[in-house]
Every structure is written in C-alpha cells, then in structure tokens.
Amino acid sequence: MQGIPTAFAGRDMIGIAFTGSGKTLAFSLPIIMFAAEEQARIPYARGEGPTGMIVCPSRELARQTYESVKGIAETMEKDGFPQIGVLLCIGGINMSDQQHTMSKGFHIVVATPGRLQDMLEKKKFTLESCKYLCLDEADRMIDMGFEEDVRNIMGYFKRQRQTLLFSATMPKKIQDFA
C-alpha cells in the first residue's frame with residue numbers, strides 16, 4: 001500500500017514485503033499507467049521504446065511478471081486505454097519473436113540481466129526514452145552474481161530515471177548496492 005503512491009510520485013524507493021503481498025502490482029501498475037499516459041500523449045512509432053524496465057533474476061519470475069503486466073495492459077485496453085507494448089526479454093526465447101515486438105515499438109520490457117545486457121550491447125534497442133527501472137528480487141539478483149551486469153545495464157541509461165528495488169529481504173550487501 002505504501003509503495004504505489006511512492007512510485008506514482010516518481011520517487012526512488014526500496015520495497016520490502018513478504019512473498020504474496022502485492023509487490024508485483026506495486027511496481028507494475030505505475031509503469032503501466034506511465035506508459036499509457038505517454039502513448040495517449042504521443043503514440044510510439046515503430047522501433048521506439050521502452051519507457052520502463054523490470055529486471056528479474058530468473059526466467060520463471062520474468063515470465064510470471066510479464067504475464068501479469070501483459071494481462072493488466074490488455075484489460076485496460078479493453079476499457080479504452082491505449083495499447084501498451086510489453087516485451088519479454090529472457091534467454092531461451094527465439095530472437096525473432098522478440099524482434100517482432102521490438103519492431104512495433106514497446107513501452108515496457110521485462111527481462112533477465114544476461115539477455116537484457118546482450119540486447120543492449122547488440123543495440124537491439126536503447127534506453128534513451130527509459131525513465132523507470134525496477135529490480136525485482138534485487139537481493140536474489142545480487143546473490144546470483146548479477147551485480148556487475150546490473151551496474152552495466154544502468155550505464156545504458158541516458159537520462160534521469162526512477163529506480164525501485166523490491167525484495168522480500170534486504171541484507172547488508174543489498175543495502176550497500178542501493
């Protein structure tokens with residue numbers, strides 16, 4: 001409950017809450033609404049995006065988060081909101097499937113650090129218009145050895161961004177990273 005207004009206010013934040021408490025909704029709803037607002041103002045052209053990014057430590061969590069974000073965006077579209085493009089960027093997915101979404105223009109990318117870094121290095125898309133970064137399960141990502149990848153990814157941002165770290169725990173190592 002505390003995270004949603006903070007995220008909508010454009011503030012950086014660290015969210016710590018138990019599994020099943022609504023963390024995904026707390027960081028997904030603001031990014032979806034920001035994307036809908038941008039799309040209503042000036043529609044994305046082919047190849048543009050993303051506005052926001054959610055980075056997850058595992059393919060399974062990324063896929064689950066993607067399905068949640070995509071479901072909310074599709075429901076909103078049925079109620080008259082603009083269409084929001086969502087890209088799932090994980091290893092094990094055919095690059096041509098990802099290219100199809102990227103070519104249409106997309107607002108939100110849900111990714112794992114390895115595939116995301118690969119796509120950025122290959123200039124498949126840029127973070128020039130990206131203003132929102134959420135690291136989901138940030139502690140697991142660092143524990144799994146992705147700290148350097150995440151730091152490299154942050155180097156691709158060209159403008160000021162809102163950064164949200166979400167986790168069920170916040171060990172000292174994550175506090176130092178934050």
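Return only the number of the condition from (1) touching a residue at least 12 places away in the same chain (Cβ under 8 Å); (2) under 26 Å from M170 (Cβ atoms); (3) not β-branched (V, I, T) that Y44 does not satisfy.
The number of the failed condition is (2).
Against the definition (closer than 19 Å to G10 by Cα, without any contact (Cβ under 8 Å) to a residue 40 or more places away in the chain and surrounded by 15 or more Cβ atoms within 10 Å (Cβ to Cβ)), how does F166 come out, yes or no?
Criteria not met by F166.
Of the residues that make up region 125-138, is at least one under 12 Å from P57 (Cβ atoms), surrounded by 19 or more Cβ atoms within 10 Å (Cβ to Cβ) and among the aliphatic types (A, V, I, L, M)?
Yes.
If you go through region 14-33, how many residues are open to solvent by less than 60 Å² (accessible area, probe 1.4 Å), modelled with pLDDT under 90 and aliphatic (A, V, I, L, M)?
Matching residues across region 14-33 total 1.
Does M95 satisfy being modelled with pLDDT under 90, surrounded by fewer than 19 Cβ atoms within 10 Å (Cβ to Cβ), in contact with a Lys or Arg (Cβ under 9 Å, 6 or more places away or on another chain) and more than 26 Å from S167 (Cα to Cα)?
Judged against the criteria, M95 is a match.
Scanning region 1-46 for residues that are in a helix (DSSP H, G or I) and of a type in the set (F, W, Y), which turns out nearest to P82 (Cα to Cα)?
Applying the filter and picking the extreme gives F34.
Take region 99-113 and flag every residue that is open to solvent by 40 Å² or more (accessible area, probe 1.4 Å) and touching a residue at least 24 places away in the same chain (Cβ under 8 Å).
Q99, K104
The values are calculated or read from the model by the stated rules, or taken from the named source; none is laboratory data. All of these numbers come straight from a predicted model, not from anything done at the bench. No Cβ is skipped: glycine too gets one built from the backbone with ideal geometry, and neighbour counts run over all protein chains shown. Only protein heavy atoms, including side chains, enter the accessible area calculation; ligands, DNA and RNA are left aside. Shrake-Rupley method; radii C 1.70, N 1.55, O 1.52, S 1.80 Å.
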